[in-house]
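The values are calculated or read from the model by the stated rules, or taken from the named source; none is laboratory data. Since this is a predicted model, take the numbers as computed values, not measurements. Cβ: placed from backbone, ideal geometry, glycine included. Neighbour counts: every protein chain shown.
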Amino acid sequence: MDDRTFRNAMGKFATGVTVVTTAFQGEAKGMTANAFMSVSLDPKLVVVSIGHKARMHDIVKQTGKFAVNMLTRDQEDLSRLFAGQLKEERPVSFDWVNGHPILPDAMANILCNVHSTYVAGDHTLYFGEVTDILMKDEPGDPLLFFEGKYRSIGQ
Ligand code: FAD
């Protein structure tokens, strides 16, 4: 099977979009990721899959903590920025909570300590034990990703 067939099939699975953030050497670092899942209620675990080529891969290994910021439909530009898809870098303001840089105005921010890791092919699954959750009262609609394109509910 060729890579295109695999990618096309996986693109049929509609997801939300997150930015995984962590503090590295005192500075915020972020990476767009949609390979995110809730895993366990007791203990409270989530997982994010990070490619070995991503700088974030080794950074999370070192920091031992990360936050998952669930994006709203108004944050598509942040998704592109943290996927390295914008031509120009631009400054982003973060809020800081318990040593985590987080994106304000996200649907929710899930703060985690790395619980365990599992190397799977060219990615590593980072399981996070959830330490804090922040949610907005009226966050609006989520940003969605389907067939390689950004979408929103009803579109
Ligand atoms: P870098 O190249 O180091 O950083 C990415 C961009 O973020 C750069 O432009 C950088 O300047 C900017 N940036 C980082 N921190 C800051 C900051 N503090 N302020 C301002 N800008 C900053 N890859 C995966 O491994 N797993 C996934 O689940 C996944 N899902 C994706 C889903 C979507 C919808 C998209 C578009 C991409 C996805 N990717 C995923 C690919 C991944 O986002 C990119 O490959 C990413 O650029 C690799 O991360 P990096 O740590 O090497 O990035």
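Structure above, values below:
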| item | result |
| --- | --- |
| Count - residues of region 21-33 that are surrounded by fewer than 18 Cβ atoms within 10 Å (Cβ to Cβ) and of a type in the set (S, T, N, Q) | 1 |
| Residue among VAL97, VAL92 that is closer than 21 Å to GLN25 by Cβ, surrounded by fewer than 18 Cβ atoms within 10 Å (Cβ to Cβ) and touching a Gly at 6+ places or on another chain (Cβ under 8 Å) | VAL92 |
| Condition check for GLN75: at pLDDT below 95 and not small (Gly, Ala, Ser) | no |
| Residues of region 142-155 that turn out to be more than 14 Å from the chain's Cα centre (by Cα), at pLDDT 95 or above and either farther than 16 Å from VAL19 by Cα or not aromatic (Phe, Trp, Tyr) (or both), as a count | 5 |
| Residue that is surrounded by the fewest Cβ atoms within 10 Å (Cβ to Cβ) [pool: residues in region 108-155 that are closer than 28 Å to ASP58 by Cα and acidic (Asp, Glu)] | ASP122 |
| Tally, over region 61-79, of residues that are without any contact (Cβ under 8 Å) to a residue 12 or more places away in the chain and either touching a Pro at 6+ places or on another chain (Cβ under 6 Å) or within 7 Å of the ligand (Cβ to nearest atom) (or both) | 0 |
| Cross-chain or 6+ apart pairs with Cβ under 6 Å, region 1-23 first and within 20 Å of VAL47 (Cβ to Cβ), then outside any helix (DSSP H, G or I) and of a type in the set (Phe, Trp, Tyr) | ALA14/PHE146; THR15/PHE145; VAL17/PHE145; THR18/PHE36; VAL20/PHE66; THR22/PHE66 |
| Selected residue [under 20 Å from GLY140 (Cα atoms) and not acidic (Asp, Glu)] from SER79, SER40 | SER79 |
| Test result for ARG80, surrounded by fewer than 16 Cβ atoms within 10 Å (Cβ to Cβ) and at pLDDT 95 or above | yes |
| Looking only at region 1-60, and only at residues there that are part of a helix (DSSP H, G or I) and among the aliphatic types (A, V, I, L, M), the one that is farthest from the ligand (Cβ to nearest atom) | ALA9 |
| Near pairs, Cβ below 7 angstrom, 6+ apart or cross-chain, from region 32-58 (under 14 Å from THR117 (Cβ atoms)) to any residue that is near the ligand (Cβ under 6 Å from one of its atoms) and not in a strand (DSSP E or B) | VAL48/ALA35; SER49/ALA35; ILE50/MET56 |
| Counted residues, region 114-143 - those being over 30 Å from GLY154 (Cα atoms) and in contact (Cβ under 8 Å) with a residue 12 or more places away in the chain | 15 |
